[in-house]
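Here is the structure we will look at, set down as structure tokens.
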Amino acid sequence: MRFSMFLFTACLAGSLTGQAQDVPKKQAEFKPGDVWLDTKGEVINAHGGGLLYDKGTYYWFGEKRGQSASEGVNVYSSKDLYNWKPEGMALAKSTDPGSEIAANGLMERPKVIYNPKTKKYVMWFHLELPGQGYNAARAGVAVSDKVTGPYTYQKSFRPNGHMSRDMTLYVDDDGSAYHVYSARDNYDLRLVKLTDDYLSATTQDTLLFSNHREAPALFKKDGQYFLITSGCTGWAPNRASLHTATSLFGPWKLVGDPMKGPMADKTFDGQSTYIQPVQGKKDAFIFIADRWNPKDLKDSRYLWLPISFTNNQPVVEWTDAWTTGVWKK
Ligand code: DGJ
């Protein structure tokens, strides 16, 4: 009796403090659009994110969101891509009110890459300065010796004077790294090569196209680069488009919408954020998108879908549940 009372009290205390009640069962598949729990049973809070594969483990970095607040960058780790262990905050907001990353600014779309020369993990993100809405349009940079952080904030800037909002990072086969970013109030999509330490932008900065696009996600297969972007409609979903090139500096050719199936014309009610190659599988890439809930941003859902190829062009087809077993090799 006393034992069951203890359980009752413990459960009640848990519900009052908002703690997770049960440790979730092990996940064995992706369910795009469902509520995704971490290994402690909490809802995963990593939006506009990107992945890094490092020494046998995947790390998922994403925006920690409140109802509307931008609260910093969370990081999770996983060996299998289905079960994600919370590793805490990779980069927290500064408590110094004079800091560029103080509470009422925005940190969006964080991406992390590893620099083998400096042995540092380097994070870039879209930074909006405190109290300035979306007017600052800057790229922020933070660095860490450890993949999960904590990352130390370095600086922010507009690459070569260009506005920088939605962004991604891409490391090519030769170790050169690039920042792809929406510029000129999102009318332009640009690419700039990073310095060897990945901490700054070089002057090798080029206009990819001026189609009013954002949410860039980039990958390469058989010497061909593929770039998926969204239109610019705030948090509301819109039609995705695919561009291809054989050089990152272009020319980039518009192919069309790579999405297929119900709601394909609205990217399945989502917006691209990243494309992750699956280790140990051939030509296996995961398209990663956010299904934003603007009324409660932390409740935004994750859409991860397999990329297939038709005539060497990527196709993203909706599926309710799937595993990496879709790739045989
Ligand atoms: C669309 C962008 O892709 C998001 O990252 C975010 O900045 C929203 N706009 C804000 O409306």
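The values are calculated or read from the model by the stated rules, or taken from the named source; none is laboratory data. The structure presented is a predicted model; accordingly, all values stated were derived computationally and were not measured. A quick note on method: Cβ atoms are made from the backbone with ideal geometry, for glycine too, and the neighbour counts reach across all protein chains shown. These accessible areas exclude ligands, DNA and RNA; they are computed on the full protein's heavy atoms, side chains included. Shrake-Rupley method; radii C 1.70, N 1.55, O 1.52, S 1.80 Å.
Worth a mention:
- Segment 130-174, subset exposed (fewer than 15 other Cβ atoms within 10 Å of the Cβ) and among the acidic types (Asp, Glu), residue nearest to the ligand (Cβ to nearest atom): 172
- Checking segment 227-235 against the condition returns no match, with no residue being free of Cβ contacts under 8 Å to residues at least 24 places away in the same chain, open to solvent by 20 Å² or more (accessible area, probe 1.4 Å) and assigned to a strand (DSSP E or B).
- Sub-7 Å Cβ pairs linking a first residue in segment 118-147 that is on the phi > 0 side of the Ramachandran plot to a second residue that is within 13 Å of the ligand (Cβ to nearest atom), at least 6 apart or interchain, are 137/163; 137/164; 137/165, ordered by first then second residue.
- Residue tally, condition farther than 14 Å from residue 252 by Cα and away from the ligand (no atom under 16 Å from the Cβ), over segment 208-222: 2
- Any hit, segment 242-263, residues being within 14 Å of the ligand (Cβ to nearest atom) and among the polar types (S, T, N, Q): no
- Residue 229 polar (S, T, N, Q), more than 18 Å from the chain's Cα centre (by Cα) and modelled with pLDDT of 95 or more: no
- When 67, 27 are screened for being open to solvent by 50 Å² or more (accessible area, probe 1.4 Å), outside any strand (DSSP E or B) and more than 22 Å from residue 125 (Cβ to Cβ), only 27 passes.
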